[in-house]
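S.K.: Quick one: the structure is below, questions incoming.
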Amino acid sequence: MIWALGDRTLDFRERLQIMGILNTTPDSFFDGGCYLDPERAVERGLEMVEEGADLIDIGGESTRPPLYGKNAPVSADEECRRVLPVIEGLRRHSRIPLSIDTTKAEVARRALEAGADIVNDISALRADPQLASVAAAHRAPVILMHRPPPAPDPADPVATVRDFLAQRLKVARQAGIESLAVDPGLGFGKSIQSNFALLRHLEIFAGLGCPVLVGASRKSFIWKTLNLSPAQSLEGSIAVAALCAAQGVHLLRVHDVKETVRAVRVAQAVARA
């Protein structure tokens, strides 16, 4: 499980990789508005590098669930206006792998041309039929996430998510995308109990034959369980990260890089002892 990124690589066999979240949005559920200024966003990205991030995921459109309020639609041009200066700024100062968090082919194309390496698509290549060909043309790895339409919880959420991701992997490979990862989509259209079920059975997704990403940082199933707020959910997020590390997850998408790195390195050391 190695991704070739030009003259660099991400080796998921060595250790769990930490993806730092960098939202250049006014309305993301946890850090919305913090990094609207490109210079501040680049500073935060470089700070995450110092804290131990292995790659940085840059997003210009909020995907927060309805409980945080309605999201305003964002055009491809506006999304690019938010993310491209940050990608270019980070690329001038660092060679760390960069991921563009988008569902739009035009944004992905321009981000990859600006220096991004990876496409993180929460729609699993369903929102824009051209995105797969853009990624394939740039030989960019793609992360496919499960995000269901509003509906009651399935009887077996683990099997439902696994089967969906297996089908999307097939579509992506047929489009010529060679490097892929799957994300069970914790917190997206799932009850607290479904999120817990997915966390208990993450090994099922490793059976799909590609790296497994988990993004649980500061999400509502954590802070609701604790009867707290997103701002108070650091410890709960760290607990989930340690559980993921112990189960052999390959990639964690997190807001709190320094704290997560310290926790998961210990969890991995114990699991391998």
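The values are calculated or read from the model by the stated rules, or taken from the named source; none is laboratory data. Predicted model only: the values in this text are computed from it and were never measured. With ideal geometry, Cβ positions are generated from the backbone for all residues, glycine too; neighbour counts draw on all protein chains shown.
S.K.: Within region 223-273, can you find the residues that are farther than 26 Å from GLY59 by Cα and of a type in the set (D, E, K, R)?
M.R.: ARG265, ARG272
S.K.: Same structure again: Answer yes or no as to whether ALA245 is more than 15 Å from the chain's Cα centre (by Cα), in a helix (DSSP H, G or I), loosely packed, with under 15 Cβ neighbours inside 10 Å and modelled with pLDDT under 95.
M.R.: Details: more than 15 Å from the chain's Cα centre (by Cα): yes; in a helix (DSSP H, G or I): yes; loosely packed, with under 15 Cβ neighbours inside 10 Å: no; modelled with pLDDT under 95: yes.
No, not satisfied.
S.K.: Among (1) touching a residue at least 40 places away in the same chain (Cβ under 8 Å); (2) buried (at least 16 other Cβ atoms within 10 Å of the Cβ); (3) out of contact with any Phe, Trp or Tyr (no Cβ under 9 Å at 6 or more places or on another chain); (4) not acidic (Asp, Glu), there is one condition GLY189 misses while meeting the rest; what is its number?
M.R.: Just one mismatch for GLY189, condition (2).
S.K.: Taking region 167-186 as the region of interest, how many residues are touching a residue at least 12 places away in the same chain (Cβ under 8 Å) and surrounded by fewer than 14 Cβ atoms within 10 Å (Cβ to Cβ)?
M.R.: At the first step, the residues of region 167-186 found to be touching a residue at least 12 places away in the same chain (Cβ under 8 Å) are 168-169, 171-172, 175-186.
From what's left, surrounded by fewer than 14 Cβ atoms within 10 Å (Cβ to Cβ): 176.
The total comes to 1.
S.K.: Filter region 56-76 for residues that are closer than 15 Å to LYS219 by Cβ, among the hydroxyl-bearing types (Ser, Thr, Tyr) and in a loop (DSSP other than H, G, I, E, B); which is modelled with the highest pLDDT?
M.R.: Step by step, filter region 56-76, then rank; the result is SER62.
S.K.: For region 110-154, which residues satisfy the criterion of being of a type outside the set (A, V, I, L, M) and surrounded by 22 or more Cβ atoms within 10 Å (Cβ to Cβ)? Please lay out each step first, then the result.
M.R.: Residues of region 110-154 that are of a type outside the set (A, V, I, L, M), as a first pass: 110, 113, 115, 117, 120-121, 123, 126, 128-130, 133, 138-139, 141, 146-150, 152-154.
Residues satisfying the conditions are ASP117, ASN120, ASP121, PRO141, HIS146.
S.K.: Next question, about the same structure. Here is a list of conditions, (1) without any contact (Cβ under 8 Å) to a residue 12 or more places away in the chain; (2) more than 18 Å from ALA127 (Cα to Cα), and PHE205 meets all of them except one; can you say which number that is?
M.R.: Only one criterion in (1) without any contact (Cβ under 8 Å) to a residue 12 or more places away in the chain; (2) more than 18 Å from ALA127 (Cα to Cα) is unmet by PHE205, namely (1).
S.K.: Ok, one more. I need a count of the residues in region 87-109 that are surrounded by fewer than 17 Cβ atoms within 10 Å (Cβ to Cβ) and farther than 14 Å from ALA41 by Cα.
M.R.: Total satisfying the criteria: 1.
S.K.: Of all the helices (runs of 4 or more DSSP H) wholly in region 127-231, which have at least 1 residues that are within 17 Å of the chain's Cα centre (by Cα) and among the hydroxyl-bearing types (Ser, Thr, Tyr)? Let's see the steps before the verdict.
M.R.: On the way: elements: 131-137, 157-174, 192-200, 203-206, 220-225.
Answer list for region 127-231: 220-225.
S.K.: Still on this model: Report, by residue number, each residue of region 248-261 that is in contact (Cβ under 8 Å) with a residue 40 or more places away in the chain and either in a helix (DSSP H, G or I) or not aliphatic (A, V, I, L, M) (or both).
M.R.: Keep residues of region 248-261 that are in contact (Cβ under 8 Å) with a residue 40 or more places away in the chain, which gives 248-255, 257-258, 260-261.
GLY248, HIS250, ARG253, HIS255, VAL257, LYS258, THR260, VAL261 - these are the residues of region 248-261 that are in contact (Cβ under 8 Å) with a residue 40 or more places away in the chain and either in a helix (DSSP H, G or I) or not aliphatic (A, V, I, L, M) (or both).
S.K.: Looking at region 257-273, which of its residues are touching an Asp or Glu at 6+ places or on another chain (Cβ under 9 Å) and surrounded by fewer than 23 Cβ atoms within 10 Å (Cβ to Cβ)?
M.R.: Those that are touching an Asp or Glu at 6+ places or on another chain (Cβ under 9 Å) and surrounded by fewer than 23 Cβ atoms within 10 Å (Cβ to Cβ): LYS258, GLU259, VAL261.
S.K.: Another question about this same structure. Keeping to region 205-242, report how many residues are closer than 19 Å to ARG162 by Cβ and surrounded by fewer than 16 Cβ atoms within 10 Å (Cβ to Cβ).
M.R.: So the answer is 2.
S.K.: Would you confirm whether or not region 179-188 contains a residue that is at pLDDT below 95 and under 14 Å from MET145 (Cα atoms)? Explain how you work it out, then say what you get.
M.R.: Taking region 179-188 and keeping what is at pLDDT below 95, we get 187-188.
With the extra rule that they be under 14 Å from MET145 (Cα atoms), the set shrinks to 187-188.
Within region 179-188 (the criterion being at pLDDT below 95 and under 14 Å from MET145 (Cα atoms)), the answer is yes, since at least one residue qualifies.
S.K.: Now for a separate question. Scan region 81-95 for residues that are within 14 Å of ALA108 (Cβ to Cβ) and out of contact with any Ser or Thr (no Cβ under 9 Å at 6 or more places or on another chain) and jot them down.
M.R.: LEU84, ILE87
S.K.: Same structure again: Counting only residues that are modelled with pLDDT under 90 and either assigned to a helix (DSSP H, G or I) or closer than 18 Å to ILE192 by Cα (or both), how many does region 262-273 have?
M.R.: First, the residues of region 262-273 that are modelled with pLDDT under 90: 268-273.
From what is left, the residues that are either assigned to a helix (DSSP H, G or I) or closer than 18 Å to ILE192 by Cα (or both) are 268-272.
Of the residues in region 262-273, 5 are modelled with pLDDT under 90 and either assigned to a helix (DSSP H, G or I) or closer than 18 Å to ILE192 by Cα (or both).
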